[in-house]
Amino acid sequence: MLHVRSIWNGAISFGLVSIPIKLVNATESHSISFRQIHLDDGGRIRYRKVCELEDREVSTPEIGKAYEDADGTLIPITDEDLAALPIPTARTIEIVAFVPADRIDPLQMDTAYYLSANGVPAAKPYVLLREALKRSQKVAVAKFALRGRERLGMLRVVDDVIAMHGLLWPDEIRASDEVAPDTSVTVHDKELDLADALMDTLGEVDLEDLHDDYRDAVEELIAAKASGVEAPAVPAGERPGGKVLDLMAALEKSVREAKESRGEEAGQPGEPAEVTPLPARRAAAGKSARTAPKEVGGKKSTSAAKKTAAKKTTSKKTTAKKSTTKTATKEAAGTATKQSAAKKTAAKKTAAKKAAPRKRASA
């Protein structure tokens, strides 16, 4: 059972099937509304409905509607006059076609409503239409009259409910040809690569996690003023306004900031933010004058690297030879020293033998 007041009662006309329904607003506004006041004394500013002929304020039951003709003549139109119009959509949502959802231009989308089955007998045909829409994976295009005019609508299934979006008539959509940039602009592959990297880095978002920051800030401001405390300071935004002077730098910075906000390293390899190299076909088509010096520089750098490597190899060989020579010299010197010491030892032993007295034989 709905706890929201219905704004329209009628029926859905589905061929020869009629489904009594109630129309309920599917959306609600959470915007903070303000009153107009007199700045000098804070008094409320009110609009009063005054009859200009009698110069007096009139109540709502005394007020009707009229159409103003080109010469200023007012032609009264009553609710009974509108209800008696010979059109089938006066109290009926008349389905005229079923089409794929992508046939509906989002620019035509207007107010959304829920359609509720009005009474027990309406439940069966209501569920029949709902399940038919589900199985066909299409939406129904319908015409209906609401608030004094005939409108276009789109019926689709939301959970277990049939919802209807009011649609603007095609002639109510303005042409966009005068809005597009009127100057010739060339977008390079590197710029598109960075834009793709930024899109990948930002990723997806659950719409349930998004909320109205402006409304929160206004509520904090109102609460602060009501309590007599100083209003919270709003941090100055760092994002520049106006035109972008360096598109590549702005894209690179955006990718960096997006990665940092997600706790990732800006230079982490293999991440989506890496710039994709230019396609081979562009390189084959011709290289710019700016590219050529870089290639020449690269060759020089390679040649210099080879020479440096050769010098290092020669230096290593020379060092190895010197080290081997020094080792051989030290070994030879050690051998000579040992031989000299052996000779000196042998000479000392010979001299000692000569100096010792000989024993005489006994008589």
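As an exercise: evaluate Asp105 against (1) under 30 Å from His165 (Cα atoms); (2) surrounded by 12 or more Cβ atoms within 10 Å (Cβ to Cβ) and give the number of the one condition it does not meet.
The single condition Asp105 does not satisfy is (2).
Could you list, in sequence order, the residues of segment 221-232 that are in contact with a helix residue (DSSP H, G or I) (Cβ under 9 Å, 6 or more places away or on another chain) and surrounded by 10 or more Cβ atoms within 10 Å (Cβ to Cβ)?
Ala231, Pro232
Please find, among Leu194, Leu155, the residue that is within 18 Å of Ile7 (Cα to Cα) and touching a helix residue (DSSP H, G or I) at 6+ places or on another chain (Cβ under 8 Å).
Leu155
Which of the residues that make up segment 196-220 are surrounded by 12 or more Cβ atoms within 10 Å (Cβ to Cβ) and either under 30 Å from Glu252 (Cβ atoms) or out of contact with any Pro (no Cβ under 7 Å at 6 or more places or on another chain) (or both)?
Asp196, Ala197, Leu198, Met199, Asp200, Thr201, Leu202, Asp212, Arg215, Ala217, Val218, Glu219
Across segment 196-227, what is the total count of residues that are assigned to a loop (DSSP other than H, G, I, E, B) and of a type in the set (A, V, I, L, M, F, W, C)?
2
Listed here are the residues, each with its yes/no results for (1) in contact with a strand residue (DSSP E or B) (Cβ under 7 Å, 6 or more places away or on another chain); (2) in a strand (DSSP E or B); (3) open to solvent by less than 60 Å² (accessible area, probe 1.4 Å).
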position: Asp110; (1), (2), (3): yes, yes, no
position: Ser116; (1), (2), (3): yes, yes, yes
position: Arg130; (1), (2), (3): yes, no, yes
position: Val141; (1), (2), (3): yes, yes, yes
position: Arg151; (1), (2), (3): yes, yes, yes
position: Met164; (1), (2), (3): yes, yes, yes
position: Val179; (1), (2), (3): no, no, no
position: Leu194; (1), (2), (3): no, no, yes
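Exactly one condition in (1) out of contact with any strand residue (DSSP E or B) (no Cβ under 6 Å at 6 or more places or on another chain); (2) modelled with pLDDT under 95; (3) surrounded by fewer than 14 Cβ atoms within 10 Å (Cβ to Cβ) is false for Ala145; which is it?
Every condition holds for Ala145 apart from (3).
What are the residues in segment 170-192 that are free of Cβ contacts under 8 Å to residues at least 40 places away in the same chain and either under 28 Å from Val127 (Cβ atoms) or hydrophobic (A, V, I, L, M, F, W, C) (or both), if any?
Listed by number, the residues that qualify are Ala175, Val179, Ala180, Val185, Val187, Leu192.
Within the bounds of segment 30-42, is there any residue that is part of a loop (DSSP other than H, G, I, E, B), touching a residue at least 60 places away in the same chain (Cβ under 8 Å) and under 30 Å from Val141 (Cα atoms)?
Yes, segment 30-42 contains at least one residue that is part of a loop (DSSP other than H, G, I, E, B), touching a residue at least 60 places away in the same chain (Cβ under 8 Å) and under 30 Å from Val141 (Cα atoms).
Check Glu172 against each of (1) open to solvent by 60 Å² or more (accessible area, probe 1.4 Å); (2) within 19 Å of Val17 (Cα to Cα) and name the one condition it does not meet.
So Glu172 meets the others, but not (2).
Taking the stated definitions as given, is Asp102 under 25 Å from Asp171 (Cβ atoms), in a helix (DSSP H, G or I) and not hydroxyl-bearing (Ser, Thr, Tyr)?
Here the answer is yes, as Asp102 does meet what is asked.
Conditions (1) within 30 Å of His211 (Cα to Cα); (2) among the hydroxyl-bearing types (Ser, Thr, Tyr); (3) open to solvent by less than 60 Å² (accessible area, probe 1.4 Å), marked per residue:
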residue: Ser6; (1), (2), (3): yes, yes, yes
residue: Ile19; (1), (2), (3): no, no, yes
residue: Ile32; (1), (2), (3): yes, no, yes
residue: Tyr67; (1), (2), (3): no, yes, no
residue: Glu80; (1), (2), (3): no, no, no
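The values are calculated or read from the model by the stated rules, or taken from the named source; none is laboratory data. Because the structure is predicted, anything quoted here is derived from the model rather than measured. With ideal geometry, Cβ positions are generated from the backbone for all residues, glycine too; neighbour counts draw on all protein chains shown. Side chains included, ligands, DNA and RNA excluded: accessible areas come from the protein's heavy atoms. Shrake-Rupley method; radii C 1.70, N 1.55, O 1.52, S 1.80 Å.
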